[in-house]
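Note sheet for the following structure.
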Amino acid sequence: NPIPQDLFAAINELKKELNAVILAHYYQEPDIQDIADYIGDSLGLSQQAANTDAEVIVFAGVHFMAETAKILNPDKLVLLPDLNAGCSLADSCPPQEFQAFKDAHPDHLVISYINCTAEIKAKSDIICTSSNAVKLVEQIPPEKPIIFAPDRNLGRYVAEQTGRDLVLWQGSCIVHETFSEKKMIELQVEHPTAEIIAHPECEPAVLRHAKYIGSTTALLKYCQNSNRDKFIVATEPGIIHQMKKAAPNKQFIPAPAMNNCACNECPHMRLNTLEKLYLAMKNKTPEITLPEDIRVAALKPIQKMLEMS
Ligand code: CIZ
Ligand code: SF4
């Protein structure tokens, strides 16, 4: 079957036919963001997935995000345009090693960032996102010790913000660790009025220069409301598409990677293309499936998060 010339029209047609909703993460390529019914960060996307009436969820994001949608909607067909769209952060926390880590800290409550596999969620007490991590940790009684997994940078940031002593799993994201402090400062010298804003998955060397640190949604709101007109953005540059739409007169400069490569673009997120999204809807595959026992165990800490945030 040939690929239609007008993919936008073909996708909209299939959307009606399937009663589908297209959810896209901010790190998706601009075309995918433009065809989506909802664009957001992990928290917003999981809230949308929890509340949708659609029969089919087309998830333009990475595997753990689509998996979260499936955990919340076991009876719906959840499609991911490319099943290989994984996540280096989720991969940095293998279930067996994590179980051993948990066993070594038996009194600890386990709070896991949503960027992890269903197996890790099933071993967690509460899931969080970068939008609500601080707020959730603040709700835990101070005497209760906490394991925070899998991102050590977000964990360190949350520990600083809450004054809590968190036991951190040492995982990280290849994209957010690729920014160069030196190049960012050179850029700041070139653009003295630009404000550096960053995602908490970045390393401390980058975060210490940021005027504002927040989740992708928070960064977007910040740019919109700030009276500055120039920003250096230290997160995946896909978000800049929405920043430009929200504030067309402002300038957004992607924070540079170590060796000036395009490695600040998430290679996993970018595996999805408009064409693959069309094909997934047309062929109703690849779909997300997972064992029911893991799904049920992973649902509990997600529900806890949705109640608490
Ligand atoms: O790095 C990611 O995957 C992020 C920032 C996800 C999210 O939406 O919080
Ligand atoms: Fe995973 Fe990092 Fe890509 Fe987000 S940006 S999906 S944390 S590899």
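Output the residue which, of all residues in the stretch 155-171 that are surrounded by fewer than 20 Cβ atoms within 10 Å (Cβ to Cβ) and closer than 24 Å to ALA100 by Cα, is farthest from ligand 2 (Cβ to nearest atom).
Going through the stretch 155-171, the residues surrounded by fewer than 20 Cβ atoms within 10 Å (Cβ to Cβ) turn out to be 156, 159-165, 167-168, 170.
Among the residues that remain, those that are also closer than 24 Å to ALA100 by Cα are: 156, 159, 164-165, 167-168, 170.
Working: ARG156: 16, ALA159: 19, ARG164: 23, ASP165: 25, VAL167: 21, LEU168: 16, GLN170: 15 Å.
Per the criteria, the residue is ASP165.
For the stretch 122-129, does any single residue satisfy the condition of being without any contact (Cβ under 8 Å) to a residue 12 or more places away in the chain, more than 22 Å from LEU279 (Cβ to Cβ) and not assigned by TED's automatic domain parsing to the domain that holds THR285?
First, pick out the residues of the stretch 122-129 that are without any contact (Cβ under 8 Å) to a residue 12 or more places away in the chain: none.
The answer is no, given that none of the residues of the stretch 122-129 is without any contact (Cβ under 8 Å) to a residue 12 or more places away in the chain, more than 22 Å from LEU279 (Cβ to Cβ) and not assigned by TED's automatic domain parsing to the domain that holds THR285.
Six or more apart or on different chains, Cβ under 6 Å: which pairs go from a residue in the stretch 1-14 that's within 15 Å of ASN283 (Cα to Cα) to one that's assigned to a helix (DSSP H, G or I) and among the β-branched types (Val, Ile, Thr)? Could you list them?
ILE11/ILE35
Find the residue count for the stretch 184-230, including only residues that are without any contact (Cβ under 8 Å) to a residue 12 or more places away in the chain and within 16 Å of ligand 1 (Cβ to nearest atom).
1
Which residues, counting only those in the stretch 131-166, are away from ligand 1 (no atom under 16 Å from the Cβ), part of a strand (DSSP E or B) and touching a residue at least 40 places away in the same chain (Cβ under 8 Å)?
Answer for the stretch 131-166, where residues must be away from ligand 1 (no atom under 16 Å from the Cβ), part of a strand (DSSP E or B) and touching a residue at least 40 places away in the same chain (Cβ under 8 Å): just ILE147.
Would you please name the residue that is surrounded by the fewest Cβ atoms within 10 Å (Cβ to Cβ), looking only at residues in the stretch 48-98 that are more than 16 Å from ligand 2 (Cβ to nearest atom) and under 26 Å from ARG152 (Cβ atoms)?
Of everything passing the filter in the stretch 48-98, GLN96 is surrounded by the fewest Cβ atoms within 10 Å (Cβ to Cβ).
Which one is nearest to ALA218 (Cα to Cα), of the residues in the stretch 24-47 that are surrounded by 19 or more Cβ atoms within 10 Å (Cβ to Cβ) and at pLDDT below 95?
ASP41
The values are calculated or read from the model by the stated rules, or taken from the named source; none is laboratory data. Source: prediction; values computed, not measured. When we count neighbours, we look across all protein chains shown, and the Cβ atoms used for this are built from the backbone with ideal geometry, even at glycine.
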